[in-house]
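The values are calculated or read from the model by the stated rules, or taken from the named source; none is laboratory data. Since the model is a prediction, treat every value here as computed from it, not as a measurement. Don't worry about glycine lacking a Cβ; one is built from the backbone with ideal geometry, like all the others, and counts go over all protein chains shown. Just the protein is used for accessible areas: all its heavy atoms, side chains included, with ligands, DNA and RNA removed. Shrake-Rupley method; radii C 1.70, N 1.55, O 1.52, S 1.80 Å.
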Amino acid sequence: MSTAPDITTVAPRDRAEILAQALPYIRQYHGKTMVIKYGGNAMTDPALQQDFAEDVVLLKLVGINPVVVHGGGPQIETLLKRLGKKGEFIQGMRVTDAETMEVVEWVLAGEVQQDIVGLINQAGGKAVGLTGRDGAMIRARKLRLADQADPAREHDVGQVGDIVGIDPAVVKALQDDQFIPVVSPIGYGEQNESYNINADVVAARLATVLQAEKLLMLTNIRGVLDKSGELLTELTPQRIDELVRDGTISGGMIPKIAGALDAAKSGVNAVHIIDGRVPHALLLEVLGNEPFGTMIKG
């Protein structure tokens, strides 16, 4: 686990200055909801896991309401390999047959979620794990995935879900009681069947329904990069279309960007894709005044 820096090595005047610089942001976001998509290295590196948990707890303690939505792709892939199954993806979506769906539920709603809940609780917070079934939160149907090259053709990706609707009542109730909701991206259908839903899409839709102040998406890169590897600090819908057409945005980044853009168009005040490999990435974005990652504008 990471070792916290020794604050006694920072001069008292500097400590006061750091806190004073954070004050306007604390005041601005007090009482507001922030949805955080948690994934990538931040989710698998022990030091970054602890940093993330501490950041989430600090945000809650200063009056901000974080809601965590997590993925678990690497953990799902590891268990599938142990079972002799090979993961398959089409246009960034995991093909999910019935057996794979059992693995997804076991990993996301069990192992991964409880690890996150435990880390947040250990850091001094009060986290509660949820899936889309809890409180009838995420209603879903089978995703109809059109081929990018030929929209008339559809791919069958199994029990992958398209969100029909989100009822955030259980999330709001937990927030009101000072809990931190941790959401697994699993929905349910009309016949009580389970659906695996892309975590980026769930985070974006939940942020929209909650009218969140910010949607923060942690990734394994500095943000969205152009073909020369330079960071794009701001993206508009037109620029996103261009980057998809020329292949700069592809694979698993497509649903992430699409969800972020939908949230930005639907009332979420700020949508940021940030580098989860940076220690305390959340605090740097929320309580700092330097541009960090890529901002999506609707």
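Rounded to the nearest 500 deg cm²/dmol, what is the calculated helix-only ellipticity per residue at 222 nm for the chain, with -39500 (n - 2.57) per DSSP H run of length n ≥ 4?
-11000 deg cm²/dmol
Averaged over all directions, how much area does the convex hull of the C-alpha atoms of the range 186-227 cover when projected, in nm²?
The orientation-averaged projected area of the Cα hull of the range 186-227 comes to 4.7 nm².
May I ask you to compute the full-extension gain from K227 to Q148, defined as 0.36 nm times their residue separation minus their alpha-carbon distance, rounded to one decimal in nm? Write down the numbers at each step before the final one.
Values: separation 79, 0.36 × 79 = 28.44 nm, distance 2.06 nm.
Additional length available on full extension: 26.4 nm.
Could you calculate, for the chain, the ratio of the Cα radius of gyration to the Kirkwood radius, expressed as Rg to Rh?
For the chain, the value is 0.96.
Report the Cα centroid-to-centroid distance between the range 240-272 and the range 64-90 in angstrom, as an integer.
Cα centroid of the range 240-272 versus Cα centroid of the range 64-90: 21 Å apart.
Placing +1 on the Cβ of each Lys and Arg and -1 on the Cβ of each Asp and Glu in the chain, which of G259, L59, P185 has its Cα farthest towards the positive end of the resulting dipole?
Positive-most Cα among the choices belongs to L59.
Can you give the extra length, in nm with one decimal, that the chain gains between E111 and A136 once fully stretched, where that is 0.36 nm per residue apart less the Cα-Cα distance?
Between E111 and A136, full extension yields 6.8 nm more.
Please name which of V107, L143, A127 has its Cα lying farthest along the dipole of the range 86-210 towards the positive end, using unit charges on Cβ (Lys, Arg +1; Asp, Glu -1) and the Cα centre as origin.
Of the listed residues, the answer is A127.
Quick one: what Rg and Dmax do you get for the range 182-298 from the alpha carbons, in Å?
Answer for the range 182-298, Rg first and Dmax second: 14.7, 48 Å.
Quick one: accessible area per residue over the chain, 1.4 Å probe, rounded to a whole number of Å²?
In whole numbers, the chain has 48 Å² accessible per residue.
Direction-averaged shadow area of the convex hull around the Cα atoms of the range 63-205, nm²?
Answer in nm², one decimal: 9.4.
Evaluate the distance, in nm, between pseudo-label points positioned 7 Å from the Cα of L61 and of A47 along their respective Cα→Cβ axes.
Spacing of the two 7 Å Cα→Cβ label points: 2.2 nm.
Given the pairs K142/K172; K32/K126; K256/K297, which span a C-alpha to C-alpha distance of over 24 angstrom in this model?
Over 24 Å apart, Cα to Cα: K142/K172.
Give me the aspartates and glutamates in straight-line cross-link reach of K81: C-alpha distance below 18 Å, same-chain residues under 8 apart excluded.
Output for K81: D97, E99, E102, E105, E111.
Roughly speaking, to the nearest percent, how much of the chain's 1.4 Å accessible area is carbon and sulfur? Display every interim value, and only then the final one.
Values: 7310 of 14230 Å².
Ligands and nucleic acids excluded, carbon and sulfur reach 51 percent.
Can you tell me how the range 7-135 classifies by the Cα gyration tensor, rounded, prolate or oblate, using a/c under 1.5 as the rounded cut? Could the numbers behind the result be given before it?
On the way: a/c = 2.74, a/b = 2.21, b/c = 1.24.
The shape class here is prolate.
Highest GNM mean-square fluctuation, the chain, Cα pairs closer than 10 Å: which of G87, G71, G118?
G87
So, in nm, how far is label L284 from label R13 when the simple model puts each one 7 Å beyond its Cα toward the Cβ?
Roughly 2.7 nm, to one decimal.
Going by average Cβ neighbours within 10 Å, how do the peptides 167-177, 274-284, 213-223 rank, with the highest at the top?
Descending mean neighbour count gives 213-223, 274-284, 167-177.
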